[in-house]
Amino acid sequence: MFDPTKFTVPSAKPLPVILLLDVSRSMAGAKIQNLNDAVKDMLGTFRDTESGETEIHVAIITFGAEVRLHQPLVSASKIKWQDMSASGFTPLGTALKMAKAMIEDKNVIPSRAYRPTVVLVSDGQPTDDWQQPLADFIKDGRSSKCDRMAMAIGADADESVLGKFIEGTKSRLFY
């Protein structure tokens with residue numbers, strides 16, 4: 001029997017991008033402004049790149065005085081960016097745990113989505129236990145299959161920490 005509801009246009013395949021943004025006290029001044037400018041540019045590029053076949057979905061996790069899901073996963077075209085300010089310590093390990101939990105949840109990032117990309121924007125000066133959460137992120141579960149990029153902010157950025165985040169990928173460290 002003919003059923004016209006069975007003839008629908010497929011929705012765009014989502015490309016999940018998770019931004020891990022360091023908004024700690026060490027990012028104050030020019031660094032936080034550079035982070036804000038970089039994220040504004042990224043979001044603009046993502047909006048311009050979307051097509052009928054691909055829709056870039058962005059989630060933003062900030063870590064500083066607290067770790068929080070600043071922006072749940074949503075189409076880049078729907079995000080209205082507001083500049084961040086810097087305060088607190090640098091709990092990178094907790095931010096990595098949150099990002100991993102998000103990626104592992106198939107209700108948040110469905111199997112039909114493209115492979116997630118995680119972008120760490122930081123001066124690379126964590127103040128918590130971050131090595132084990134990073135090892136878990138890179139080696140276990142769905143998060144181990146993510147594309148990872150890092151953007152160093154500031155002339156004093158700790159490249160060794162940021163380098164460990166992209167280790168084993170074809171990515172390079174951006175400045």
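Scanning the stretch 3-52 for residues that are closer than 30 Å to GLU66 by Cβ, of a type in the set (A, V, I, L, M) and outside any helix (DSSP H, G or I) yields LEU15, VAL17, ILE18, LEU19, LEU20, LEU21, VAL23, ALA28. Quick check: is even one residue across the stretch 104-122 out of contact with any Phe, Trp or Tyr (no Cβ under 8 Å at 6 or more places or on another chain), among the aromatic types (Phe, Trp, Tyr) and open to solvent by less than 70 Å² (accessible area, probe 1.4 Å)? No; the residues of the stretch 104-122 include none that is out of contact with any Phe, Trp or Tyr (no Cβ under 8 Å at 6 or more places or on another chain), among the aromatic types (Phe, Trp, Tyr) and open to solvent by less than 70 Å² (accessible area, probe 1.4 Å).
Across the stretch 53-78, which residue is least open to solvent (accessible area, probe 1.4 Å) among those that are part of a loop (DSSP other than H, G, I, E, B) and either touching a strand residue (DSSP E or B) at 6+ places or on another chain (Cβ under 6 Å) or charged (D, E, K, R) (or both)? Give the derivation first.
Filtering the stretch 53-78 for residues part of a loop (DSSP other than H, G, I, E, B) gives 53, 64-66.
Retained after the next criterion (residues that are either touching a strand residue (DSSP E or B) at 6+ places or on another chain (Cβ under 6 Å) or charged (D, E, K, R) (or both)): 53, 66.
On the way: GLU53: 144, GLU66: 109 Å².
Selected residue: GLU66.
Counting only residues that are open to solvent by 80 Å² or more (accessible area, probe 1.4 Å), free of Cβ contacts under 8 Å to residues at least 40 places away in the same chain and charged (D, E, K, R), the stretch 32-52 holds 3 of them. Remark: pairs (first residue in the stretch 148-175, over 21 Å from PRO16 (Cβ atoms); second residue modelled with pLDDT of 95 or more and open to solvent by 40 Å² or more (accessible area, probe 1.4 Å); Cβ separation under 7 Å; 6+ apart in sequence or on different chains) = ILE153/ASN34. Taken together, LYS97, LYS145 contain a single residue that is of a type outside the set (Phe, Trp, Tyr), farther than 20 Å from ARG68 by Cα, open to solvent by 60 Å² or more (accessible area, probe 1.4 Å) and within 16 Å of the chain's Cα centre (by Cα), which is LYS145. Taking first residues from the stretch 71-86 that are over 16 Å from VAL121 (Cβ atoms) and partners that are part of a loop (DSSP other than H, G, I, E, B), the Cβ contacts under 8 Å between residues at least 6 apart in sequence or on separate chains come to LEU73/VAL108; LEU73/ILE109; SER75/GLU50; SER77/GLU50. Just one of the numbered conditions (1) out of contact with any His (no Cβ under 6 Å at 6 or more places or on another chain); (2) closer than 24 Å to LYS145 by Cβ is not true of LEU73: (1). Residues in the stretch 137-147 that are part of a helix (DSSP H, G or I), in contact (Cβ under 8 Å) with a residue 24 or more places away in the chain and not aromatic (Phe, Trp, Tyr): ILE138, ARG142, SER143, LYS145.
The values are calculated or read from the model by the stated rules, or taken from the named source; none is laboratory data. Just so it is clear, the structure is predicted and the values come from calculations on it, not from any experiment. Every residue, glycine as well, gets a Cβ built from its backbone with ideal geometry; the counts of neighbours run over all protein chains shown. Remember, those area values only see protein heavy atoms, side chains included, never the ligands or the DNA or RNA. Shrake-Rupley method; radii C 1.70, N 1.55, O 1.52, S 1.80 Å.
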